[in-house]
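Colleague: Following this message is one structure expressed as structure tokens.
The values are calculated or read from the model by the stated rules, or taken from the named source; none is laboratory data. Worth saying up front: this structure is predicted, and the values here are computed from it rather than measured. We place every Cβ from the backbone using ideal geometry, glycine too, and count neighbours over all the protein chains shown. Calculation scope for accessible area: heavy atoms of the full protein, side chains included, ligands and nucleic acids excluded. Shrake-Rupley method; radii C 1.70, N 1.55, O 1.52, S 1.80 Å.
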Amino acid sequence: MKYAYPKDELNPIYCKGRGPDYDNPSNININDILGDYSLTLIDALDTLAILGDTREFRRAVQLVIENVSFDKNSTVQVFEANIRILGALLSAHLLIQDQSQPFGHLEPEWYDGELLEMAADLASRFLPAFHTSKTGLPHPRVNLRDGVPQGSRTDTCTAGAGSLLVEFGVLSRLIGDPIYELSARRANRVLWKLRNANTGLLGNVIDVNTGKWVGELSGVGAGLDSFYEYLLKAYILFGHIEDYSMFNQTYALIKQYMRRGRPNCNSGSGDHPLYVNVDMKSGGTQTTWIDSLQAAFAGVQVLAGDVEEAICTHALYYTIWKKYGVLPERFNWQRLSPDVSFYPLRPEFVESTYLLYQATKNPFYLHVGRDILKSLNQLTRAQCGYATVHSVLDMTLEDRMESFFLSETCKYLYLLFDTENPVNQNSDRYMFTTEGHILPLAPWLRQHNWDSAHFTLSPNPAINSTDLHASCEAINEERIHGLPLKSQYLEQISVSLGVEL
Ligand code: DMJ
């Protein structure tokens with residue numbers, strides 16, 4: 001707040017604010033995310049509530065309402081603005097509206113739904129992305145004032161087009177306007193139809209006008225990660241069996257085509273399991289790297305009830321984290337070195353550590369959390385904040401702190417240790433969006449107040465009851481008191497990666 005507000009991000013080394021790069025519109029690394037709308041403050045609203053800083057939360061809400069406008073000549077990515085801004089506004093609005101105020105007194109006396117109005121205004125600016133595409137898949141970018149820019153790119157990653165349902169569904173249900181939920185559902189169904197006929201897998205990049213795959217890599221990391229996550233989370237929130245069925249079918253295919261290594265993580269022999277990137281047409285291995293976004297997959301596996309497998313997935317990223325002190329963006333599992341070596345303070349590994357601790361209560365994950373905390377403080381702390389690691393090889397830093405550091409990385413770390421936090425005390429009442437915003441799990445979200453007969457799209461994909469086969473394993477005593485992954489297997493990964501755990 002001191003150095004950056006009202007800018008979008010903090011430059012933590014030179015203590016300055018950062019906004020969009022208006023001089024260079026093609027700088028999408030910046031402009032996709034920064035919209036001149038106090039991004040970090042908005043993204044961190046519910047973090048303030050979770051930290052119990054009610055005064056600062058109310059002050060931040062007031063600043064946002066009084067000073068932020070979406071009537072801006074900013075061209076942003078729909079996906080990023082959805083998860084970071086729309087999700088944050090909805091979460092903060094719902095926290096304020098919660099009659100029981102479990103986080104303390106969050107509601108400003110004068111509050112009259114302004115954050116929800118802002119959310120609806122922002123989402124209405126996303127709609128041209130859907131209306132101007134030939135398939136129903138959204139264009140990746142919109143100008144907040146003018147809609148889809150003439151001649152703008154039509155290739156979108158699958159996660160970008162197919163992870164809008166959680167926020168759009170909540171908004172639709174709050175304001176009673178189905179357009180958002182139906183647009184997001186339609187995009188999911190279009191993607192679903194375009195699965196490869198042979199494998200059933202989706203690629204990572206698609207053209208929104210032709211519906212042709214431009215990237216045929218299929219994996220659980222960048223480009224696809226939150227698509228799977230949101231099928232499951234949309235089901236948890238809204239209870240539509242269609243979403244659950246889609247999740248279960250894809251999850252089975254992920255196991256079939258992408259998983260390598262011994263069949264059972266915690267027994268038998270063979271290599272440590274690994275989810276690789278494959279060719280969507282054949283299922284054959286396509287790359288020798290995994291990326292740091294894939295570390296979130298263990299969290300999805302926890303939510304899906306596949307805790308043993310989550311323990312296994314997480315252990316690999318823990319070993320890589322220990323090797324460098326943070327996670328390189330891409331790690332080559334053949335050469336055992338980074339292919340892409342920056343670390344922008346991403347939350348995925350912390351997130352799955354937190355979710356695994358919630359699921360197992362095994363203190364191993366508290367130790368992992370302490371390791372994370374120590375290395376963030378030792379390696380990334382800068383003059384005015386925490387800085388992106390430019391290269392894990394020499395630990396040089398870059399002057400950037402992305403908004404997800406406060407909305408996710410810090411939040412999950414805090415929640416890992418704050419066992420009395422209302423989120424942890426009522427963990428069956430909340431769900432995290434892919435940007436770490438908490439949403440209530442509530443009966444009213446399982447209903448909608450519009451007449452679905454007027455709004456049917458294409459028919460539901462065929463759903464077979466045998467697709468619905470998830471189960472929740474009970475965690476036995478051994479899981480709580482012993483190492484979650486048996487020591488011989490932990491040692492196996494540490495030896496193969498040359499790390500001392
Ligand atoms: C965040 O914006 C979200 O976690 C998203 O799902 C993936 N990318 C970043 C964090 O790495």
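Colleague: Which of (1) over 24 Å from Ile311 (Cα atoms); (2) more than 14 Å from the ligand (Cβ to nearest atom) does Glu402 not meet, given it meets every other one?
Modeller: Here Glu402 meets the rest and fails (2).
Colleague: Next question. For the condition surrounded by fewer than 20 Cβ atoms within 10 Å (Cβ to Cβ), aliphatic (A, V, I, L, M), outside any loop (DSSP other than H, G, I, E, B) and within 25 Å of the chain's Cα centre (by Cα), what is the one hit in Ile30, Ile65? Can you show your working first?
Modeller: On the way: Ile65 fails: within 25 Å of the chain's Cα centre (by Cα).
Among Ile30, Ile65, only Ile30 is surrounded by fewer than 20 Cβ atoms within 10 Å (Cβ to Cβ), aliphatic (A, V, I, L, M), outside any loop (DSSP other than H, G, I, E, B) and within 25 Å of the chain's Cα centre (by Cα).
Colleague: Given the options Gly215, Gly261, name the one that is more than 16 Å from the ligand (Cβ to nearest atom), at positive phi and surrounded by fewer than 22 Cβ atoms within 10 Å (Cβ to Cβ). If you could, list the steps in order and put the result at the bottom.
Modeller: Values: Gly215 fails: at positive phi.
Only one candidate passes the filter, namely Gly261.
Colleague: Residue by residue through region 179-213, note down the ones that are out of contact with any helix residue (DSSP H, G or I) (no Cβ under 9 Å at 6 or more places or on another chain) and free of Cβ contacts under 8 Å to residues at least 24 places away in the same chain.
Modeller: Within region 179-213, Leu194, Ala197, Lys212 qualify.
Colleague: Can you say whether Gln249 is touching an Asp or Glu at 6+ places or on another chain (Cβ under 9 Å) and either within 18 Å of Phe79 (Cα to Cα) or assigned to a helix (DSSP H, G or I) (or both), as far as the supplied structure shows? Show your work before the answer.
Modeller: Values: touching an Asp or Glu at 6+ places or on another chain (Cβ under 9 Å): yes; either within 18 Å of Phe79 (Cα to Cα) or assigned to a helix (DSSP H, G or I) (or both): yes.
Answer is yes for this residue.
Colleague: For region 70-185, please list each of the helices (runs of 4 or more DSSP H) lying entirely inside it that holds at least 1 residues being surrounded by fewer than 17 Cβ atoms within 10 Å (Cβ to Cβ). It would help to see each step written out before you state the result.
Modeller: Working: elements: 78-81, 87-97, 114-131, 158-162, 165-175.
Where helices (runs of 4 or more DSSP H) fall fully within region 70-185 and carry at least 1 residues being surrounded by fewer than 17 Cβ atoms within 10 Å (Cβ to Cβ), they are 87-97, 114-131.
Colleague: Kindly provide the set of residues from region 320-351 that are in contact with a helix residue (DSSP H, G or I) (Cβ under 8 Å, 6 or more places away or on another chain) and acidic (Asp, Glu), ordered by number.
Modeller: Glu329, Glu348, Glu351
Colleague: Considering region 234-248 alone, what residues qualify as being open to solvent by 10 Å² or more (accessible area, probe 1.4 Å), within 16 Å of Val300 (Cβ to Cβ) and of a type outside the set (A, V, I, L, M)?
Modeller: Those that are open to solvent by 10 Å² or more (accessible area, probe 1.4 Å), within 16 Å of Val300 (Cβ to Cβ) and of a type outside the set (A, V, I, L, M): Tyr235, Tyr244.
For every residue, the table says whether it meets (1) within 16 Å of the chain's Cα centre (by Cα); (2) part of a loop (DSSP other than H, G, I, E, B).
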| site | (1), (2) |
| --- | --- |
| Tyr244 | no, no |
| Ser267 | no, yes |
| Ala296 | yes, no |
| Thr313 | no, no |
| Tyr317 | no, no |
| Leu355 | yes, no |
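Colleague: For Ser282, state whether it is under 18 Å from Thr409 (Cα atoms) and either touching a residue at least 12 places away in the same chain (Cβ under 8 Å) or surrounded by fewer than 23 Cβ atoms within 10 Å (Cβ to Cβ) (or both). Step through it out loud before you land on a result.
Modeller: Details: under 18 Å from Thr409 (Cα atoms): no; either touching a residue at least 12 places away in the same chain (Cβ under 8 Å) or surrounded by fewer than 23 Cβ atoms within 10 Å (Cβ to Cβ) (or both): yes.
No.
Colleague: Still on this structure, please answer the following. Of the conditions (1) surrounded by 20 or more Cβ atoms within 10 Å (Cβ to Cβ); (2) away from the ligand (no atom under 16 Å from the Cβ); (3) farther than 26 Å from Arg173 by Cα, Ser391 clears all except one; give me its number.
Modeller: (1)
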